[in-house]
Amino acid sequence: MGLQCCFGGTTFQTLKMAAIPSLYSSSTSILRPVSKTLTFNFLSRPHGRSLPLLVRALSAPAIQTTGRTTTSPDDKVLRPQWKAAIDFKWIRDNKEDVAANIKNRNSNANLGLVLELYERLLNVQKEVERLRAERNVVANKMKGKLEPSERQKLIEEGKNLKDRLITLEDDLLKLTDELQLEAQSIPNMTHPDVPIGAEDSSTLRKVVGDPHEFSFPIKDHVQLGKELDLFDFDSAAEISGSKFYYMKNEAVMLEMGLINWTLFEVMKRGFTPLTTPEIVRSSVVEKCGFQPRGTNTQVYSIEGSDQCLIGTAEIPVGGIHMDSILPEALLPLKYVAFSHCFRTEAGAAGTATRGLYRVHQFSKAEMFILCRPEESDSYHEELISIEEDLFSSLGLHFK
């Protein structure tokens, strides 16, 4: 039988939340410094590439702008909900590699516009700094004894400098917001070992076990489920719509048993168990690389609010330490989180969609590690090893 129980693994290489390209959606992506993700699916829906993804942390101190927080009424630039610490200088200095990565990942990011906005921002920033320096010179001159005519001249000069600064500071804020929005669609740099191409270009690392051979015609999980009264798709379709289901009888106990067993096995390896919120803020969803309101989004957004249903426990777990600084001695932090997951499955036509595949709601246990960047590879291998042990101990054939 195929049950909606998935094991997942994610390793992070930074404690600051920024964003990563979504592995579940073809929409444009945003940036975060992260090492890699790997997800195995336990007899369930395929939900993304199971290739290791290593990302160079495109992070640096964000460009310092003014302390002004308002813009003019006619400001037409959409302000980002959050600002990723994107290393624009690195992007500029490595624009050929970034352009090739954008092409290889089939992204529609506009690198030329990002570089143009960055240069304009630097120029405006230099002019702001020059005018501030002039204003300080004028202010210092005003402290001394001056003839009335000379003082009046300095007052006028200071007023002109202030007016010019207000205009330029507004321009700087608009440019910063526009640059941030454009740059958030540039995908992270992928590991050089990741093959370029579709699923048929994937590299097979290992095959464990052999496919079972049967002396009788085999049935798929849908036929078995109906005959054994384990699933009810028809009633769920009436209640909720297509691609929902009721689990019944032994299927319920089997899923709960698998989740329980998984949590206990992973806890033995030093992971802290979690259950998570299943409604989160849209900005947190974006920081985890999803486009909550984009074209073909996989995310269910709650109308009239800034909240969304989670598509994976990775999102709320990733937000636990968001905007926090943790003592290095606490690392690594290892979590295993159980949650229900909700996905629109937009654009899923033509893929495996029968029965429990490509459903809108399912349950999943997710492993998640926060560690030092230099330890990322080793912890990634640890996650793979744990997943292989779990599948092997169930007697399953997998690759």
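Pairs to check: K103/K174; K226/K248; K126/K174; K243/K364; K83/K287. Give those whose C-alpha atoms are more than 20 Å from each other in this structure. Write down the numbers at each step before the final one.
Numbers: K103/K174 28 Å; K226/K248 10 Å; K126/K174 16 Å; K243/K364 17 Å; K83/K287 9 Å.
As for pairs spanning more than 20 Å Cα to Cα, those are K103/K174.
The convex hull built on the alpha-carbon positions of segment 324-382 has an orientation-averaged projected area of 6.5 nm². Geometric descriptor of segment 163-292, per residue, is 294 Å³ (volume of the convex hull of the Cα atoms). Determine the distance separating the Cα centre of segment 162-214 from the Cα centre of segment 333-382; give it in Å without decimals. Taking the Cα centre of segment 333-382 as reference, the centre of segment 162-214 is 18 Å away. Backbone geometry of segment 194-203 corresponds, through the Karplus equation with coefficients 6.51, -1.76 and 1.60 at θ = phi - 60°, to 3J(HN,Hα) couplings of 6, x, 9, x, 7, 4, 6, 8, 4, 8 Hz, x marking Gly and Pro. Protein heavy-atom accessible surface, 1.4 Å probe, per residue over segment 142-293: 62 Å². Per atom type, segment 268-399 shows carbon and sulfur on 52% of its accessible surface, probed at 1.4 Å. Under a 5 Å amide H cut-off, with hydrogens placed 1.01 Å from N, F398 pairs with V208 among residues at least 5 apart or on other chains. Listed by chain and number, the lysines whose C-alpha is less than 18 Å from the C-alpha of K141, apart from same-chain residues fewer than 8 away, are K153, K159, K162. Taking all protein chains as shown and a probe of 1.4 angstrom, R354 keeps an accessible surface of around 140 Å². Enclosing the Cα atoms of segment 270-338 in their convex hull gives a volume equal to 89 cubic angstrom per residue. Which whole-Hz couplings ³J(HN,Hα) result when phi for each residue of segment 258-274 is put into the Karplus expression 6.51 cos²θ - 1.76 cosθ + 1.60, θ = phi - 60°, listed in order with x for Gly and Pro? My calculation for segment 258-274 gives 5, 4, 4, 4, 4, 4, 5, 5, 6, 4, 4, 9, x, 8, 8, x, 9 Hz in order. Less than 5 angstrom separates the built amide H of T344 from those of V299, Y300, all sequence-distant by 5 or more or on a different chain. Put I279, I384 in order of accessible area, highest first, and with a 1.4 Å probe you get I279, I384. Couplings 3J(HN,Hα) for segment 215-232, derived from phi with the Karplus relation 6.51 cos²θ - 1.76 cosθ + 1.60 (θ = phi - 60°), are 8, 9, x, 8, 10, 7, 5, 5, 5, 4, x, 5, 5, 9, 6, 9, 10, 9 Hz, where x marks Gly and Pro.
Across the options Q180, F233, L121, the greatest Cα extent toward the positive end of the charge dipole of segment 121-242 (unit charges at beta carbon of Lys, Arg, Asp, Glu) belongs to L121. Calculated FRET efficiency, F398 to L122, Cβ-Cβ distance, R0 = 56 Å: about 0.65 to the nearest 0.05.
The values are calculated or read from the model by the stated rules, or taken from the named source; none is laboratory data. In this text the structure is predicted, and so the values were computed from the model without any measurement. Cβ atoms come from the backbone with ideal geometry, glycine included; neighbour counts cover every protein chain shown. Surface accessibility is based on the protein's heavy atoms, side chains included, excluding ligands, DNA and RNA. Shrake-Rupley method; radii C 1.70, N 1.55, O 1.52, S 1.80 Å.
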